[in-house]
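Structure first, commentary second.
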Amino acid sequence: MNSSADFAISSAAVVDPHAAARADEAKLSARAAMLRGPILPTLMRLALPTIGVLVAQTLVSVAETFYVSFLGADALVGVALVFPVSMLMTMMAAGGVGSGVASAIARASGAGRHDEADALVFHALAVAIVFGFAFTLGALAFGGALYRTLGGTGGALHAAELYSRFVFLGALPIWIVNLLSAALRGIGNVRVPAFVTLAGAVILIPLSPGFIFGVGPLPGFGVAGAGIAVALYYCGAAIAMIRYLIGGRSGLRLLATRLRWELLRKILGVGVVSAINAILLNLTVLLVTAAVGRYGVEAIGGYGTASRLDYVLIPLLFGMGTAVLTMVGTNVGAGQRVRARRIAWIGAAISASFTELIGIAVALFPALWIGLFSRRPDIVETGSLYLRVVGPTYAANGLIFVLGFAAQGSGRMAWPLLAASARLIIAAGGGWVAVALFGRPPAIVFAIVAAASLAAALIFVAADLSGSIWGMDRGRRTEPKRSRL
């Protein structure tokens with residue numbers, strides 16, 4: 001950075017010293033609550049705004065699909081082809097590299113290294129720029145070939161390429177918003193990211209049909225309009241987040257600084273592995289879907305409809321997981337590893353209990369879920385079978401998700417990678433062997449999927465019992481009690 005840029009950013013950071021002082025006081029108060037306050041109320045204060053944000057994002061996605069459906073089947077299929085790729089990017093930004101940002105800042109804040117926390121914000125911005133441009137260039141260069149490989153042809157392929165072009169032209173601001181939001185979550189500031197996202201939902205729901213169909217004298221852009229609306233929103237949100245962090249009102253300050261490998265490593269050491277885990281999760285689903293597809297299109301319909309419930313639960317698990325990450329990272333940074341472990345298990349217990357209740361409900365009454373989407377007997381039969389077999393093991397998913405975020409907070413990423421790899425090998429590999437080599441029925445494949453979840457959960461339990469996920473040995477398991485539930 002040159003001196004004029006340094007001066008501009010540094011000057012903006014002290015425009016309102018009183019606001020900055022109040023923000024620092026709020027940050028210290030939030031840190032004190034995470035280090036010494038009651039665990040459960042603090043967890044819920046951090047989790048609920050994030051859950052609300054993710055629910056709002058889901059509603060926006062549903063609304064966009066509804067609008068696009070009026071353009072015809074080709075447009076709907078084209079958007080569906082792009083969706084898994086854009087979802088993977090979002091998961092990598094928010095839950096992958098974003099987790100690395102939140103973890104690094106939480107540990108620095110917990111240790112009282114506030115200058116380092118501020119420097120990490122600038123490094124997060126630099127990482128967002130690199131990944132954002134990479135996704136834009138990758139989508140422009142290889143998007144068409146990818147969507148063709150996924151089955152796109154004719155008008156559907158053209159719609160996918162058109163929609164993708166505008167969505168991924170907005171990849172840079174998408175990465176900026178997600179990584180700066182993660183930085184704020186790292187100090188326990190979940191309200192500003194929630195406000196920005198909720199404001200975006202309010203804007204996008206009317207903005208998207210305006211760009212798709214036109215409004216007044218302005219022409220509609222068809223399926224491209226949906227991508228334009230998303231890109232414009234994220235551009236505005238990115239500008240708002242940058243200005244907010246430059247102003248110093250958040251308790252973190254975006255200041256120009258020399259890039260240092262040690263700080264990039266703290267972000268990427270957790271973030272890249274977390275992003276790989278997100279890829280492995282999506283690859284597992286893709287390969288299991290392909291294995292089930294050997295039973296016929298109807299089996300894919302039943303499995304896809306039933307397993308969609310797994311994705312519906314992700315916003316709730318993600319909200320609790322990011323809250324656990326922030327509190328665990330702050331306590332690990334402060335040297336309170338036993339309290340960090342307690343926080344992780346409280347969050348895991350809540351998530352496992354919630355997911356298990358839902359799993360048992362749909363296992364006993366699968367029509368409650370399957371019936372929302374289809375009445376075809378073959379689809380209902382396969383989907384109901386999946387829920388009866390896999391539903392009772394949903395607690396394992398809650399455990400895996402939250403303890404994975406706890407490992408991100410502690411910076412110990414070998415265990416989540418091992419668990420995700422084991423799940424992929426058992427579910428996808430075992431499923432393919434059962435179908436292709438032994439011709440086993442769908443019930444066996446679904447049992448293997450359930451066993452894969454249980455195996456991944458057991459890996460996390462083993463990591464906890466050994467103390468390695470917390471960086472402590474078996475003999476160092478006590479510390480003065482500083483909190484209660």
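Residue 323: out of contact with any Ser or Thr (no Cβ under 8 Å at 6 or more places or on another chain) and in a helix (DSSP H, G or I), yes or no?
Judged against the criteria, residue 323 is not a match.
For segment 229-275, name all the residues that are in contact with a Ser or Thr (Cβ under 9 Å, 6 or more places away or on another chain), of a type in the set (A, V, I, L, M, F, W, C) and closer than 23 Å to residue 82 by Cα.
229, 230, 237, 275
For residue 121, indicate whether it is under 17 Å from the mean Cα position of the chain (by Cα) and either buried (at least 21 other Cβ atoms within 10 Å of the Cβ) or not assigned by TED's automatic domain parsing to the domain that holds residue 244 (or both).
Answer is no for this residue.
List the residue pairs whose Cβ atoms are under 9 Å apart, where the first residue sits in segment 144-159 and is in contact (Cβ under 8 Å) with a residue 60 or more places away in the chain, the second is polar (S, T, N, Q), and the two are 6 or more positions apart or on different chains.
Pairs found: 146/164; 147/164.
Among the residues that make up segment 371-378, is at least one of them closer than 28 Å to residue 276 by Cβ and either part of a helix (DSSP H, G or I) or β-branched (Val, Ile, Thr) (or both)?
no
Quick check on residue 174: is it farther than 26 Å from residue 72 by Cβ and not polar (S, T, N, Q)?
Against the criterion (farther than 26 Å from residue 72 by Cβ and not polar (S, T, N, Q)), residue 174 qualifies.
Six or more apart or on different chains, Cβ atoms under 6 Å: show the pairs whose first residue is in segment 256-279 and over 17 Å from residue 91 (Cβ atoms) and whose second is of a type in the set (Phe, Trp, Tyr) and assigned to a helix (DSSP H, G or I).
257/122
Looking at (1) crowded, with 17+ Cβ neighbours inside 10 Å; (2) in contact (Cβ under 8 Å) with a residue 60 or more places away in the chain, find the lone condition where residue 126 falls short.
(1)
Is at least one residue of segment 38-51 outside any helix (DSSP H, G or I) and modelled with pLDDT of 85 or more?
Looking through segment 38-51, at least one residue is outside any helix (DSSP H, G or I) and modelled with pLDDT of 85 or more.
Look at segment 339-360 and say how many of its residues are without any contact (Cβ under 8 Å) to a residue 12 or more places away in the chain and more than 21 Å from the chain's Cα centre (by Cα).
1
Are any residues in segment 238-274 surrounded by 23 or more Cβ atoms within 10 Å (Cβ to Cβ), small (Gly, Ala, Ser) and on the phi < 0 side of the Ramachandran plot, and if so, which ones?
The answer is 238, 250, 271, 274.
Among what's in segment 51-71 and is closer than 19 Å to residue 201 by Cβ and over 24 Å from the mean Cα position of the chain (by Cα), pick the residue that is surrounded by the most Cβ atoms within 10 Å (Cβ to Cβ).
68
Failed condition for residue 157, given (1) touching a Gly at 6+ places or on another chain (Cβ under 6 Å); (2) of a type outside the set (S, T, N, Q); (3) farther than 27 Å from residue 260 by Cβ, with all others met?
(1)
Conditions tested, residue by residue: (1) surrounded by fewer than 18 Cβ atoms within 10 Å (Cβ to Cβ); (2) out of contact with any Phe, Trp or Tyr (no Cβ under 8 Å at 6 or more places or on another chain).
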position	(1), (2)
334	no, yes
354	yes, yes
369	no, yes
391	no, yes
395	no, yes
398	no, no
401	no, no
437	yes, yes
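In segment 173-196, is there at least one residue being assigned by TED's automatic domain parsing to the domain that holds residue 254, under 17 Å from the mean Cα position of the chain (by Cα), within 21 Å of residue 56 (Cβ to Cβ) and among the aromatic types (Phe, Trp, Tyr)?
So far as segment 173-196 goes, yes, one or more of its residues are assigned by TED's automatic domain parsing to the domain that holds residue 254, under 17 Å from the mean Cα position of the chain (by Cα), within 21 Å of residue 56 (Cβ to Cβ) and among the aromatic types (Phe, Trp, Tyr).
Does residue 74 satisfy being in contact with a Lys or Arg (Cβ under 7 Å, 6 or more places away or on another chain) and surrounded by fewer than 24 Cβ atoms within 10 Å (Cβ to Cβ)?
So residue 74 fails the test.
Quick one: residue 221 ticks every box in (1) at pLDDT 90 or above; (2) surrounded by fewer than 24 Cβ atoms within 10 Å (Cβ to Cβ) except a single one, so which number is it?
Checking residue 221 against (1) at pLDDT 90 or above; (2) surrounded by fewer than 24 Cβ atoms within 10 Å (Cβ to Cβ), the one that fails is (1).
The values are calculated or read from the model by the stated rules, or taken from the named source; none is laboratory data. All figures in this text were calculated on a predicted structure; none of them were measured in a lab. Positions of Cβ are generated from backbone atoms using ideal geometry, with glycine treated the same way; all protein chains shown enter the neighbour counts.
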